[in-house]
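Worksheet: the structure to be examined is printed underneath.
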Amino acid sequence: MIFRQVLRQSMVAFTGLLISVGSTTAQDRQHQQPTQPAGQTLTLDQCLQIALERNPQILIAEGQVEVAQAQTYGSYTGILPTINASVINANRTTSGDRDQILEGIVIRQVPGGTRTNYFNNIALNYTLYNGGQNWNSIRRNKQLEVNSKHNVSNAENQIASNVKMQYYNLLRAIRLKEVTDEQVKLSEEQLRRSQSMYEIGSVAKIDVLQARAQLGQVRITLLNQQKAVTQTKANLNNVMGVDVHTPINPVDPIAGNTLAMMSPMSLQEATSLAFQQNPSIQRDTGGIQAANLQTKQARGGLWPTVTAGMTYSRNGVALRDVYGNYGNNWNLGLNISVRLPILNGTQTYANIQSSHAQRMIAEETLNQTKRTTLLSIRQSLLDLETSILVTELSNENIVASEEGLRLAEERYRVGSGTLLDVFNAQVTLAGAKSNLVIAQYDYLIAQATLDQALGRK
């Protein structure tokens, strides 16, 4: 009996221990569950590095360089000799009996038989001259390889500019959201003030309703700003070549709402730098050189082609005659030929005409690239100058708007002003702060656009 009681108590204690351990383990597992990753803080340089490593446009451009290098390597075939070897050729011929006829008279019958011949050879051929087609092909492919490298630099330049613009767009959206947050707080405070004044009979109920409507309108603006922040984050992630839902927190280069702004360079200086450094201009300039080489290559088809060759062969009726007795059963042949293209249809002249058209296209492409670059420089310099002026005016407007809001609130409090005056003052202050934010980041975006035109990453 006592033994049963002890056993029962032991089982209860053991069961309680298992429940306790299980509960503790479950709690530990809950604590070990991975948390949702917080937004990653990235500087502009870090975003640029990620984009240069992962953006598909750059990867495609780098792949095109590899293709151009392979084509350059393959073009050397034209200036190298070709060597071909036939290891073994066997020919077995069987014939029947036949009459041997002399002057229409059968003189005897030749019995049929079977004959086996073995043959091998090695041949070397080399093109001595073909109007420079082979050498111009090499030069053209080398130029195309250089152009493809300029295209990589151009892709990197464009991606860097896009990353900068999206990065600054994100910072601008965040700052504008902060301005709207301040406006929401002002509207909430004004609603509380109007409610208090209404309760003591200082203002009519319409002031409370207007304050509530104003707060609702500002909250709608805040929702739109929050949406803008989310969208610009997705745009930045897309340019960097990462998942658009990746959380990211940018580092604002504008400290304390102040941004050091320098006077932009002159148009002449910027244009000179762009024509020297812009990779798209360098690429399109190389396109003209490649078109010139294509014309020379096409004209080479009008010149004679001189080739030379040497052939060594062995033959016999048995394998030992071919792979033995090397002093016998061999032939050595040397040849040189000169071929003059008198008529080969219209292909040569079509190639020449096509190369002229390619040169015209390359020249117009370069001119258009220069015009586009010059337009971008003009617009960027104008945006820089405008942003500097707007920033100065916005700082002055903020000071005046803050004082205007203070006076409007005081006049409303003492009953000499209207609620509409307060609303207008709040809107004016928010507009001045928004204009400052927009001008500051317009300056940074204009600088990024100018850097792209100048070929600076």
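Read the figures in this text as sums done on the coordinates, not as results from a lab. Computed from a predicted model, the values in this text were never measured in an experiment. When we count neighbours, we look across all protein chains shown, and the Cβ atoms used for this are built from the backbone with ideal geometry, even at glycine.
Chymotrypsin sites (Phe, Trp or Tyr not before Pro) within segment 319-401: which are DSSP loop residues with at most 10 other Cβ atoms inside 10 Å?
Values: sites: Tyr323, Tyr326, Trp330, Tyr349; in loops: Tyr323, Tyr326.
The qualifying sites are Tyr326.
Would you list the membrane-span-like helices of the chain, meaning whole DSSP H runs whose alpha-carbon atoms span at least 18 Å along their axis and whose mean Kyte-Doolittle value is at least 0.0?
Helices meeting the span and hydropathy rule in the chain are 2-32, 56-75, 419-454.
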| task | With +1 on each Lys and Arg Cβ and -1 on each Asp and Glu Cβ, and nothing else charged, work out how big the dipole of segment 282-440 is about its Cα centre, in Debye to the nearest 20. | result | 1440
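With n ≥ 4 as the cut-off for DSSP H runs, can you work out [θ] at 222 nm for the chain, using -39500 (n - 2.57) per run divided by the number of residues, rounded to the nearest 500?
Numbers: 10 runs with 305 residues, N = 457.
My calculation for the chain gives -24000 deg cm²/dmol from helical runs alone.
Relative to the Cα centre, what is the charge dipole magnitude of the chain, using +1 at the beta carbon of each Lys and Arg, -1 at the beta carbon of each Asp and Glu, and rounding to the nearest 20 debye? Before the final figure, lay out each step's value.
Working: 40 positive and 35 negative charges, 349 e Å.
The dipole magnitude comes to about 1680 debye.
Just want to confirm a number: the relative contact order over segment 54-180, from Cα pairs under 8 angstrom separated by 6+ residues, in percent. Could you put the intermediate results ahead of the total?
Numbers: 116 pairs, mean separation 42.6, N = 127.
Result for segment 54-180 is 34 percent.
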| query | lysines near Lys142 by alpha-carbon distance under 28 Å, same-chain residues fewer than 8 away left out - which ones? | reply | Lys296, Lys370, Lys457
| said: With a cap of 13 neighbouring Cβ atoms within 10 Å, and only residues DSSP puts in a loop, list the trypsin sites (Lys or Arg not before Pro) found in segment 361-424. | reply: none
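Got the relative contact order for segment 113-255 handy, in percent, Cα pairs under 8 Å and 6 or more residues apart?
Details: 73 pairs, mean separation 38.2, N = 143.
Relative contact order of segment 113-255: 27 percent.
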| Taking the C-alpha atoms of segment 97-177, how large are the radius of gyration and the largest Cα-Cα span, Dmax, in Å? | 38.2, 116
| Label corresponding to Cα extents along the principal axes in Å when calculated from the structure given, among (i) 82, 51, 50; (ii) 148, 106, 38; (iii) 65, 63, 45 | (ii)
| field | lysines whose Cα lies under 25 Å from that of Lys433, excluding same-chain neighbours fewer than 8 positions away | value | Lys164, Lys177, Lys185, Lys227, Lys233
| said: Can you tell me, using C-alpha contacts under 8 Å and at least 6 residues apart, the relative contact order of the chain as a whole percent? | reply: 22
